[in-house]
Each structure stands twice: as C-alpha cells, then as structure tokens.
1. Provide a single number: the residues in the stretch 149-185 that are open to solvent by 70 Å² or more (accessible area, probe 1.4 Å), β-branched (Val, Ile, Thr) and part of a helix (DSSP H, G or I).
2. So which residues in the stretch 114-141 are of a type in the set (A, V, I, L, M, F, W, C) and modelled with pLDDT under 90?
3. Can you go through LEU128, LEU136, LEU106 and tell me which one is part of a loop (DSSP other than H, G, I, E, B) and among the hydrophobic types (A, V, I, L, M, F, W, C)?
4. I'm trying to understand the selection: among the residues of the stretch 128-146, which are among the aliphatic types (A, V, I, L, M) and buried (at least 24 other Cβ atoms within 10 Å of the Cβ)?
5. On the basis of being among the small types (Gly, Ala, Ser) and either touching a residue at least 40 places away in the same chain (Cβ under 8 Å) or within 29 Å of GLU90 (Cα to Cα) (or both), does ALA138 make the cut?
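The values are calculated or read from the model by the stated rules, or taken from the named source; none is laboratory data. As the structure is a computational prediction, the values presented were derived from the model and not from experiment. A quick note on method: Cβ atoms are made from the backbone with ideal geometry, for glycine too, and the neighbour counts reach across all protein chains shown. Protein only, heavy atoms only, side chains kept; ligands, DNA and RNA dropped before computing areas. Shrake-Rupley method; radii C 1.70, N 1.55, O 1.52, S 1.80 Å.
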Amino acid sequence: MLALLDGGVGHCFKERHGHSDFLGGARACVEAPEQIGTIHRAFYESEQKHWAGLCYATTNSFAATPNHVRGSSLDPLQVASAAARIAAAESRPSPQRKVAGCLPPLSRKCYAPSSPPFDFYREVSEVLLEIGADLLLAETLCSTREAVAAIAAANDATTKKKKNIWVCFTVADDCSNRLRNGEPLVDAIRAIER
C-alpha cells in the first residue's frame, strides 16, 4: 500500500504566521483551530492534483508532550484532542483522506534519549482514537525503548478498535544505520517486530 502523509504541520504554521515559538502550532490547535485546518486543507488540495491514492493528515500533536508544554498553560491531552478534531474535520467525508494520530517522541528534543511513560502514550492513543484517528503514528522516535512503549500503549488502547500502528525512527546523520541515541537500527526493528 502506498499513502502520502502530510507532515510538519507545526512548522508550516510557524512559517505562515511568523511564529518562532516551538509551541506555536500546538497552541493554535486550541486557540485558532481554523489556522491549522487551513494547513491540512492546503495539503489535500495540492495532493489531489497529483495523487489519487490515500492521503493522511497527521494530527498536529507532535509538541503535545509533558516535557514540551511544561511551564505553559497548555495541556497535552487537550492539544492532542483538538489536533485530532481538526484533522478529522478536514479529512471527512472523502474515503481517500484519513487521519494519522501522532504519538510524538517524549524527550525534550527528539534526538535525545528519553524514558517514555507508557501511561502517557496510552492516554494520547485513547484520545486520538476516540476522535477518529484511522491509525496511530509513533513518529521521530530515537530509541527502541520509546518505540516499544508507544507500541505497547497503542496496542492496549486499540483492543476495542483494531487500528494500525506505524513507527518512524529518526536515525543519525552519519549514515551509520544507528538511531539518534546510538542504538543499531536493526536492533530497534527486531525489538518492535516481537
């Protein structure tokens, strides 16, 4: 199966609206949802000219983690819920448009090792699925431990609603086939296949 995913919704928001704040896109999900909806809509409109297959709007919940929102007024689950609602509104009713619910890396920087709490991934998975995510996307993960926790939590949350779980790792820039935290990519793949 081939599918296109939008990405970098928060970055697009910052570029369009001149924000330098990392949380700008997350804040917009709650305070100005129409601005995030415009970005999803633009993705779909540009892709429908060139692509007839499945397209996924990724929920703009990458920055919706306890570490990222610490010290702000944002609640990660509220942001994830708002992001899912926006993506779902822009994706329906077309059968070719789907929603990928983002399970983000939980470290302060996605390139540093983290200790991912299972409970947070489960709560976010439940919120995204309740709003209508068609699949869960654990993205930009830099450690096997984080991926295993995200998959276990997502599987736990999807017991009633069977959904696919996709995992995307981020690898080192030195072409060493290692994750950002130094683990061999092949070991990470083996760990998540179990």
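1. 0
2. PHE118
3. Numbers: LEU128 fails: part of a loop (DSSP other than H, G, I, E, B); LEU136 fails: part of a loop (DSSP other than H, G, I, E, B).
After ruling out the rest, the residue left standing is LEU106.
4. LEU128, ALA133, LEU136, LEU137, ALA138, LEU141
5. Taking the combined requirement at face value, the residue satisfies it.
Quick grid of which residues meet (1) surrounded by fewer than 14 Cβ atoms within 10 Å (Cβ to Cβ); (2) out of contact with any helix residue (DSSP H, G or I) (no Cβ under 6 Å at 6 or more places or on another chain):
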{"residue": "ASP21", "(1), (2)": "yes, yes"}
{"residue": "ARG27", "(1), (2)": "no, yes"}
{"residue": "GLU34", "(1), (2)": "yes, yes"}
{"residue": "THR38", "(1), (2)": "no, yes"}
{"residue": "ALA42", "(1), (2)": "no, yes"}
{"residue": "LYS49", "(1), (2)": "yes, yes"}
{"residue": "ASN60", "(1), (2)": "no, no"}
